[in-house]
Amino acid sequence: MELSGTARIDVSDGQSPGSALIGSRNAAEVAIGTNALIQADNLSSGNGGSVKVLSKSATKFSGTITAEAKGSKGNGGQVEVSSSGKKGLTFRGKTSLKSAHGQDGQLLLDPKFAIIRSSGTDPATGNTFDNDPEGTVTISGADLSAALSSASVIIQANTDITLDDVITSSTNGNGLSFQAGRSITLETNSSVTLNNGAFYCKINDENALLYDRSAGGAGFFGVGPVTINTQGGDVTLDVGTFGGVQGGTMNVINTMINAGGGNIIVNGYGCMENARGLATNIAECSQLVTSGSGTIDVTGTAVSAQVNGGGPNAGVSNNFGIFATGLAAEANLIQTENGAITITGTGASIDLGYNNGGTYLSMTQVKTTGTGSITINGTAGSGQTQNLGVVLNGPMGLVSSNTGSIQITGVGKGTEQGNMGISIETGSQVVATGAADITIHGTGGNGTSLNLGVAITTQGSGVSSEGGSVFITGIAQGSNNSNQGFNMNEGCYVKTTGSGVITIDGTGSGAGNSNMGAVFTGKTLEVTSVDGDINITGTGAGAGPSNSGVYIQYPGAIGTTGSGEVNITNNTP
């Protein structure tokens, strides 16, 4: 079917515009020529009409469609241009879905594959369908930007969406959605700039057609440098449930996201089939930044699967729910002002393997600059060794608030050793610069040895609050040796100023040796307050030697500089 020349279809009306259907799901090919016009405007009061251009094999749209709301009230109309066929969808036309006094309408593009790029051959030239990419919509960033000037745009691809261009919209409130049955890729130097419009990405979209989705795992790939700036609109990177199964990794690599007061959501749900699987991966100085009351929610859930060469859940290592690693020269940044930041990582259920963690933040700064609170949760996967709940790592690693509270909760899991709840290490810091409380609660894995609740290790690592209190609870689990509730060593610190109180409560576990509640080793460690009390409680475990409740190698490292008191409770078995 073809509309050519100056063909015109007009279903506009003063009260209730009609609907125009060009082609159908069974139409082989549909072409709308450059000078063709389809109108479904509301000329008086109410919403714009509906226009659909559909085909089974190929759709080429080069004309003009309007579905405006021109009266005193009402929203713009709905337009769909789609094709599910091998020859795909080409969009080179113009649309106007404006509303004079309401919200602009919605444009839906529905191919199998979508590629947004400015270069290459223009397959819209002429009305033949030869040599088009199979099942692909081709649209330039400029054409998509023009469409956004009068509508929110949804690209709903049954398989993949690739952005390799620049998209810019200055129209207030119009948003852009990418919904892919499989994967979404934002290529190097691509960008999206909206004016208070939402940017929404969903991989593994449950709305994809089963017969038209190519096989393969789902993923989001920001292959930076990539820039997303919504100037007040929400940014969402999410995972759907295609085929009834939620699954898809989030890879935010050298990607700068600035919501400008909008909310940011990143949700990865990764399938751990072999070594090195990351549900949510934030890397190479990426930024998730908003302001005002904008919130940030980052979630990563690792899911176990059949492993090549073994049974289900066997021999899987180095997998994390959330894995954030910045660069030595520039850290990752997750920052807002008065809104809350919530980070939650969950490791996979693994029978064998190691280093399957919940939340790992290395060379990553998590900051609120106003009243916003910070909550970091991590639950490790259930492998054998070194399965940590939360790891804060690196000299540029920082968790910092102003007057908002900080809460960090970590649960280690594993059947053998080194499965800690929380590890603050290699110079990483947790800091409240205003009168805010910091609460840290870690539970070690229920293995054999070295399953600590909370550990602060390596020179320069520490926790401090300027005017607030610090509460640290560490609970060890494990059956053998060195399962300590809290462990702090050389060059580390826990500090408060003003009337801030420090409370450290550690509980050891196990039947062997050195299962102490709270351990402080090294001359240069520092546990200090001013006018707030320091309360240290330790409960040891086991029948062997060195199972004291509290062990302090150099008592002079713990004290107050004002009116605060030091209280130590040593519960030895």
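The values are calculated or read from the model by the stated rules, or taken from the named source; none is laboratory data. It should be emphasised that the depicted structure is a prediction, and the values quoted were computed from it without experimental measurement. So basically every Cβ, Gly included, is an ideal-geometry build from the backbone, and we count neighbours across all protein chains shown.
Taking the numbered list (1) more than 28 Å from G434 (Cβ to Cβ); (2) in contact with a strand residue (DSSP E or B) (Cβ under 8 Å, 6 or more places away or on another chain); (3) of a type in the set (G, A, S) in turn, A543 passes all entries but (2).
Look through S84, S72 and report the one residue that is over 29 Å from G102 (Cα atoms) and modelled with pLDDT under 90.
Numbers: S72 fails: over 29 Å from G102 (Cα atoms).
One residue alone meets the criteria, S84.
So, in the stretch 339-372, of the ones that are surrounded by fewer than 19 Cβ atoms within 10 Å (Cβ to Cβ), of a type outside the set (D, E) and over 15 Å from the mean Cα position of the chain (by Cα), which residue ends up nearest to T385 (Cα to Cα)? Ranking the qualifying residues of the stretch 339-372, first place goes to L352. Checked against (1) modelled with pLDDT of 90 or more; (2) buried (at least 20 other Cβ atoms within 10 Å of the Cβ); (3) under 22 Å from G410 (Cα atoms), T290 passes all but condition (3). For T159, the criteria (1) assigned to a strand (DSSP E or B); (2) crowded, with 18+ Cβ neighbours inside 10 Å; (3) of a type in the set (S, T, Y); (4) over 19 Å from the mean Cα position of the chain (by Cα) hold in every case but one, which is (1).
Within the bounds of the stretch 2-9, is there any residue that is crowded, with 20+ Cβ neighbours inside 10 Å and outside the structural domain of A208 (by TED's automatic domain parsing)? Yes, there is a match, as at least one residue in the stretch 2-9 is crowded, with 20+ Cβ neighbours inside 10 Å and outside the structural domain of A208 (by TED's automatic domain parsing). Among (1) in a strand (DSSP E or B); (2) buried (at least 24 other Cβ atoms within 10 Å of the Cβ), which single condition is G478 missing? Looking at each condition in turn, G478 falls short on (1). Are there any pairs, at least 6 apart or on different chains, whose C-beta atoms fall under 6 Å, with the first in the stretch 451-466 and over 14 Å from I422 (Cα atoms) and the second crowded, with 24+ Cβ neighbours inside 10 Å and modelled with pLDDT of 95 or more, and if so, which? As it stands, the answer is S465/A432; S465/I438; S465/T496; S465/G500, since those pairs meet every condition given.
Is at least one residue of the stretch 342-350 modelled with pLDDT of 95 or more, part of a strand (DSSP E or B) and small (G, A, S)? Yes; the residues of the stretch 342-350 include at least one that is modelled with pLDDT of 95 or more, part of a strand (DSSP E or B) and small (G, A, S). If you go through the stretch 44-53 and keep only what is modelled with pLDDT under 95 and at negative phi, you end up with S44, S45. For the stretch 180-273, the strands (runs of 3 or more DSSP E) that sit wholly inside it and include 2 or more residues that are under 22 Å from A147 (Cβ atoms) are 184-186, 191-195, 199-203, 219-229, 235-239. Scan the stretch 145-153 and give yes if some residue there is more than 19 Å from P225 (Cβ to Cβ), crowded, with 24+ Cβ neighbours inside 10 Å and at pLDDT below 95, otherwise no. Among the residues of the stretch 145-153, not one is more than 19 Å from P225 (Cβ to Cβ), crowded, with 24+ Cβ neighbours inside 10 Å and at pLDDT below 95, which makes the answer no.
Remark: S469 matches the filter, which requires a residue to be in contact (Cβ under 8 Å) with a residue 60 or more places away in the chain, surrounded by fewer than 24 Cβ atoms within 10 Å (Cβ to Cβ) and touching a strand residue (DSSP E or B) at 6+ places or on another chain (Cβ under 7 Å).
Of all strands (runs of 3 or more DSSP E) completely enclosed by the stretch 407-454, which ones contain at least 1 residues that are over 21 Å from G397 (Cβ atoms)? Please lay out each step first, then the result.
Values: elements: 422-425, 429-432, 438-443.
Ranges flagged: 438-443.
Residue-level analysis places S286 outside the set of residues that are within 15 Å of L333 (Cα to Cα), assigned by TED's automatic domain parsing to the domain that holds G339 and touching an Asp or Glu at 6+ places or on another chain (Cβ under 9 Å).
Please determine whether any residue of the stretch 40-48 is assigned to a loop (DSSP other than H, G, I, E, B) and within 16 Å of V153 (Cβ to Cβ). Yes - at least one qualifying residue is present in the stretch 40-48. Scanning the stretch 544-563 for residues that are in contact with a Phe, Trp or Tyr (Cβ under 9 Å, 6 or more places away or on another chain), under 11 Å from M516 (Cβ atoms) and hydroxyl-bearing (S, T, Y) gives a single hit, Y551.
So if I check each of V298, V303, which one is at pLDDT below 85 and in the same structural domain as G219 (by TED's automatic domain parsing)? Full working, then the answer.
Details: V298 fails: at pLDDT below 85.
V303 is the lone residue from the list that is at pLDDT below 85 and in the same structural domain as G219 (by TED's automatic domain parsing).
Looking across the stretch 357-380 at every residue that is at pLDDT 95 or above and aliphatic (A, V, I, L, M), the one that is nearest to G326 (Cα to Cα) is identified as M363.
Within the stretch 538-573, the set of residues being surrounded by fewer than 20 Cβ atoms within 10 Å (Cβ to Cβ) and part of a loop (DSSP other than H, G, I, E, B) comprises A543, G544, P545, S546, Q553, Y554, T561, G562, S563, E565, T572, P573. Filtering the stretch 455-475 to residues that are assigned to a strand (DSSP E or B) and closer than 23 Å to Y554 by Cβ leaves A455, I456, G462, V463, S464, V470, I472, G474.
Being farther than 20 Å from N489 by Cβ and surrounded by fewer than 24 Cβ atoms within 10 Å (Cβ to Cβ) is the filter here; which residues of the stretch 422-435 pass it?
Kept after step one, since they are farther than 20 Å from N489 by Cβ, are these residues of the stretch 422-435: 432-435.
Selection gives T433, G434, A435.
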